[in-house]
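As structure tokens, the structure follows; a few thoughts come after it.
No lab work stands behind these numbers, since they all come straight from the coordinates. Treat the numbers as computed from the prediction; the structure is a model and nothing was measured. All Cβ positions, glycine included, derive from the backbone under ideal geometry; neighbour counts span all protein chains shown.
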Amino acid sequence: MFLFPPIQSSLMFLVPGSGNKPIGLEIAKQLNCSVIDFETRRFPDGERYIRLVNDVPHETAIITQSFYKDPDGLLVEYFFLTKTLFELGAKAVVGAFPYMPYMRQDSRFKPGETISARVMASIIESTATSSILALDCHLHRIINLSDLFNIPADNLSAIPALAEYLKSIHSLDDPIVVAPDVEATQWARLAAPILGTEFIEMNKVRHGDTSIETDFTKFDPSKRDIVIVDDIISTGGTIAQVAGHLKQKGANHVYALITHGLFAEGAYNRIRQAGVDDIITSDSVPNRFSKVSVASIFARPLRMHQ
Ligand code: R5P
């Protein structure tokens with residue numbers, strides 16, 4: 001369901017957040033809209049300074065932000081920008097987030113834990129943000145992004161573009177799409193028809209940040225090309241475990257299609273050692289495997305309202 005509302009003004013400008021400036025600039029180019037830049041630095045005590053360097057037009061502002069590698073610092077940057085733009089005359093502020101952080105903790109698994117996804121949403125709402133476009137947010141127990149926010153919020157996906165790219169560079173032999181856990185089924189379901197095949201869902205139990213157990217009894221991967229689809233590579237543990245097992249059971253090639261390649265330390269080696277033949281990610285978080293740009297995925301809904 002498309003929830004992103006018409007932007008109130010046909011005129012808009014874009015402020016590229018420092019989490020991923022190139023993607024913001026590319027979206028602005030595709031929208032043919034002006035860019036407002038800002039200075040930012042840290043004071044000696046670690047506090048952040050922000051100053052917009054251009055006049056703020058009385059138009060709708062789009063702030064792009066990928067909240068990685070410093071999610072907390074980039075959130076503060078976003079909050080400061082939003083309020084300042086609004087105070088200085090922006091008509092409305094749209095948050096366009098190629099990578100949205102804090103979404104995986106969507107429940108209180110142990111007593112006393114913070115439900116970070118909900119806290120994040122309520123802080124964003126308390127700024128001047130009027131609507132949100134995000135990309136392959138980790139939605140699991142909270143099913144829709146619009147269930148998390150009281151402002152319009154839409155969750156776009158890079159998975160179809162990643163699957164098209166995979167198809168264009170590898171000729172797949174009897175492929176099957178594998179969702180490494182229950183929540184990845186939503187992405188496997190998008191990739192499978194593009195690759196002309198079916199998908200299968202694994203059961204994953206996480207015991208800690210790097211300790212994972214997966215149930216592999218479900219199918220015979222021998223002589224098949226495997227396409228593992230997920231939203232995030234962080235430690236690489238999930239992909240490595242699934243890929244390693246399927247290779248041992250005789251899988252042919254193993255490919256990983258991942259929207260957000262965070263690649264925490266050791267992730268790349270872990271995945272390669274497990275026998276993954278190719279990793280394809282988007283540029284939501286730029287990394288050496290970013291082969292698919294998400295700029296047009298954001299520009300499309302924004303342009304519809306220009
Ligand atoms: C969680 O369920 C996510 O969808 C990913 O599977 C997870 O974040 C991947 O993390 P890691 O690379 O550390 O296994």
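To keep it simple, each residue is scored yes or no on (1) farther than 30 Å from Lys29 by Cβ; (2) away from the ligand (no atom under 16 Å from the Cβ); (3) touching a Pro at 6+ places or on another chain (Cβ under 9 Å).
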{"position": "Asp225", "(1), (2), (3)": "yes, yes, yes"}
{"position": "His245", "(1), (2), (3)": "yes, no, yes"}
{"position": "Asn287", "(1), (2), (3)": "no, no, no"}
{"position": "Leu302", "(1), (2), (3)": "no, yes, no"}
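Can you tell me which residue among Gly266, Gly275 is surrounded by fewer than 23 Cβ atoms within 10 Å (Cβ to Cβ), farther than 19 Å from Leu162 by Cα and either away from the ligand (no atom under 16 Å from the Cβ) or over 22 Å from the mean Cα position of the chain (by Cα) (or both)?
On the way: Gly266 fails: either away from the ligand (no atom under 16 Å from the Cβ) or over 22 Å from the mean Cα position of the chain (by Cα) (or both).
Result of the check over Gly266, Gly275: Gly275.
Determine which member of the set Glu183, Glu198 is within 16 Å of the ligand (Cβ to nearest atom) and closer than 23 Å to Leu156 by Cα.
Step by step, each of Glu183, Glu198 is checked, and only Glu183 is within 16 Å of the ligand (Cβ to nearest atom) and closer than 23 Å to Leu156 by Cα.
Hey, among the residues in region 172-214 that are outside any helix (DSSP H, G or I) and basic (Lys, Arg), which one's surrounded by the fewest Cβ atoms within 10 Å (Cβ to Cβ)?
Among them, the one singled out is Arg206.
Give me the residue from region 89-119 that is part of a helix (DSSP H, G or I) and within 16 Å of the ligand (Cβ to nearest atom) and, out of that set, surrounded by the fewest Cβ atoms within 10 Å (Cβ to Cβ).
Ser116
Does Leu166 satisfy being away from the ligand (no atom under 16 Å from the Cβ) and either part of a strand (DSSP E or B) or among the hydrophobic types (A, V, I, L, M, F, W, C) (or both)?
Details: away from the ligand (no atom under 16 Å from the Cβ): yes; either part of a strand (DSSP E or B) or among the hydrophobic types (A, V, I, L, M, F, W, C) (or both): yes.
For Leu166, the condition - away from the ligand (no atom under 16 Å from the Cβ) and either part of a strand (DSSP E or B) or among the hydrophobic types (A, V, I, L, M, F, W, C) (or both) - is met.
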